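See below for the structure under consideration.
The values are calculated or read from the model by the stated rules, or taken from the named source; none is laboratory data. Since the model is a prediction, treat every value here as computed from it, not as a measurement. Don't worry about glycine lacking a Cβ; one is built from the backbone with ideal geometry, like all the others, and counts go over all protein chains shown. Quick note on the areas: whole protein, heavy atoms, side chains included, nothing else; ligands and nucleic acids left out. Shrake-Rupley method; radii C 1.70, N 1.55, O 1.52, S 1.80 Å.
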Amino acid sequence: MSLDDNELPRTDEEWRVRLTPEEFHVLREAGTERPWTGEYVDTKTQGVYHCRACGLELFSSDTKFDSHCGWPSFDDAIPGRVKEIEDRSLGMARTEIRCARCDSHLGHVFHGEGFTPKDTRHCVNSVSIKLEPR
Ligand SMILES: [Zn+2]
C-alpha cells in the first residue's frame with residue numbers, strides 16, 4: 001500500500017483518519033512506543049520494512065540486528081529513504097530519523113556504539129514501520 005505523492009495527506013486531520021491513535025502519536029507527533037512492546041522487536045522474518053504512514057520502503061531485514069534496547073534496530077537504511085534531523089528535546093542531543101517522503105517520525109539514529117561493523121543503530125518504533133515478508 002504505497003501512496004502516490006499526490007495522495008499523501010497534508011494535514012493532521014487527513015493523517016488522523018488514516019492512522020490509529022498510536023500510529024498518529026508516534027508518526028506525526030514524534031512519540032515513542034514503550035520498549036519491548038513493539039511487534040517487531042524480536043522479528044527475524046526476512047523482508048522489507050515500509051513506512052507505516054506512506055508505504056515507502058525504508059529498511060531491509062538484512063540490516064536488522066539484536067540491540068537488546070527494546071526497539072527494532074537496523075544498522076543501515078535503504079539509501080535516500082530516511083532523513084536525519086537534529087533533535088535537542090529532553091535535554092539530549094540526538095538525531096531524529098524521519099521518512100524522507102512523508103516526513104513521519106521513525107525514531108533516532110545513534111553512532112559509535114559498536115553493535116555492528118557499520119557502527120550505526122537506527123532505533124525505530126515498530127508502530128512506524130510495516131514488514132512485507134519476502
Ligand atoms: Zn513515509
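A few points about this structure:
- Accessible surface, the chain, averaged per residue in Å² (probe 1.4 Å): 54 Å²
- Free-standing Cys residues across the chain, given no other cysteine C-beta under 4.7 angstrom: 69, 123
- Protein accessible area in the chain, 1.4 Å probe - carbon and sulfur %: 48 percent
- Dipole magnitude of the chain, debye to nearest 20 (Cβ charges: Lys/Arg +1, Asp/Glu -1, about Cα centre): 100 debye
- Cα coordinate range in the chain, projected on the principal axes (Å, largest first): 41, 40, 28
- Full-extension gain in nm, residue 84 to residue 62, via 0.36 nm per residue minus C-alpha separation: 5.8 nm
- Based on DSSP H segments of at least four residues, each scored -39500 (n - 2.57), the chain has a per-residue ellipticity at 222 nm of -3000 deg cm²/dmol.
- Those trypsin sites (Lys or Arg not before Pro) in segment 8-75 that DSSP places in a loop and that have at most 13 other beta carbons within 10 Å: 10, 44
- Cα shape, segment 17-67, gyration tensor, a/c 1.5 rule: oblate
- Placing unit charges on each Cβ (+1 for Lys and Arg, -1 for Asp and Glu) gives the chain a dipole about its Cα centre, and among 115, 55, 24 the Cα reaching farthest toward its positive end belongs to 115.
- Per-pair calculated FRET efficiency, R0 = 22 Å: residue 37 and residue 94 via Cβ, rounded to 0.05: 0.60
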